[in-house]
Amino acid sequence: MQDPHGGNIHAHPVKLDFSANINPLGIPERMLSAIHASAEQWAHYPDPACLMLAEALAAQEGYPADHIVCGNGADDLLYRIAGAFRPKTALLAEPCFGEYRRALEAAGCEVLSYKLKKEADFALSDAIFGKIAQQPDLLLLCTPNNPTGRLIDPELLAEIAERCEKSGILFVLDACFIALTEAHARRLPRTALIVNAFTKSHAIPGIRIGYALCPDARTAQKLRSQGQYWSVSAPAQAAGLAALREQDYLAAARSLIAEERAFLSGALTRLGCNVCPSDANFMLFQSTPGLAERLLQKGILIRSCANFDGLDETWYRIAVRSHEENLALLQAMQG
């Protein structure tokens, strides 16, 4: 059975996991310490409003605290958005993260699709304006996109945001991987509803903590009205607060990722793979069918992309990991 997502090490005997796009440096020690130190709070209910974390995020992101909503990971926030706004139609640029479609369809939404072109290395172009002109209720994009790793050109992104604002289209932008890219400091459109998380950037997928930056307080309140009351645990809130202090860690990760991504791209190309250019801490490539199964027999898990709309069983996604781990993957592919 095709795993719907990467990172399912519980169902497979895995020595090296390349299927989950996690920071290769692992969780910072100071974050681990903060999570452990939160144990004294576990006998009490967590703050349902995540006030301390929201205020810390406000200081870093330059948003009012009442425009920020914390959630149990980015997925939680995506489902809240779908439930809060109940769009009749929504537009996705595919291939993209499968939970977008699932969250929208669960809310009774008809999902429209703009197909990213293989010939253009899956980069988003202004051709999407034709779809936006059809006036969907909601547009959901991701920068960098999963699984392609492509950032949206900043001028194109600004124009998309402007057109959505003029047309009354709710623009949702998933930026969960942007902290590990060269665009980490880039200003994103303030009219968009931006979803982010510490999951990938700080290597804490087991500690569910995400946040939404809303264009106004009314939008934020609509999101708060959805989902569980105590949606973010005490250790998750402690992890989020500690994560905001790890700027040197993120800088080191970006440097490692850029170097190793170039190394992997060249090596995979020499192995005969068709490698999509990537701006992220993961990359999409095309190879022979059955590669994921063959590698799994060697204890290496990669992400088959056969269940992404627009891709098939010849496409795979791998995380950029340490040099030693990347060498192990390449050696296994040659064997």
From the option list GLY227, GLY206, GLY240, GLY210, single residue qualifying as closer than 22 Å to ALA179 by Cβ, at pLDDT below 95 and not β-branched (Val, Ile, Thr) is GLY206
Just one listed residue, out of GLY83, GLY108, GLY62, GLY71, is touching a Gly at 6+ places or on another chain (Cβ under 6 Å), of a type in the set (Gly, Ala, Ser) and modelled with pLDDT of 95 or more, and it is GLY71
Flagged pairs (Cβ under 8 angstrom, 6 or more apart or on separate chains; first in region 25-51, in contact (Cβ under 8 Å) with a residue 60 or more places away in the chain and in a helix (DSSP H, G or I); second surrounded by 12 or more Cβ atoms within 10 Å (Cβ to Cβ) and among the acidic types (Asp, Glu)) are ARG30/GLU246; MET31/GLU246
Here, strands (runs of 3 or more DSSP E) confined to region 84-201 with at least 1 residues that are closer than 29 Å to MET31 by Cβ and touching a residue at least 40 places away in the same chain (Cβ under 8 Å) are 138-142, 170-174, 193-197
Within region 314-335, residues buried (at least 16 other Cβ atoms within 10 Å of the Cβ) and part of a loop (DSSP other than H, G, I, E, B) come out as THR314, VAL320, ARG321
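The values are calculated or read from the model by the stated rules, or taken from the named source; none is laboratory data. Computed from a prediction, not measured in an experiment: that's the story for all the values here. Neighbour counts run over all protein chains shown; Cβ positions are idealised from the backbone, glycine included.
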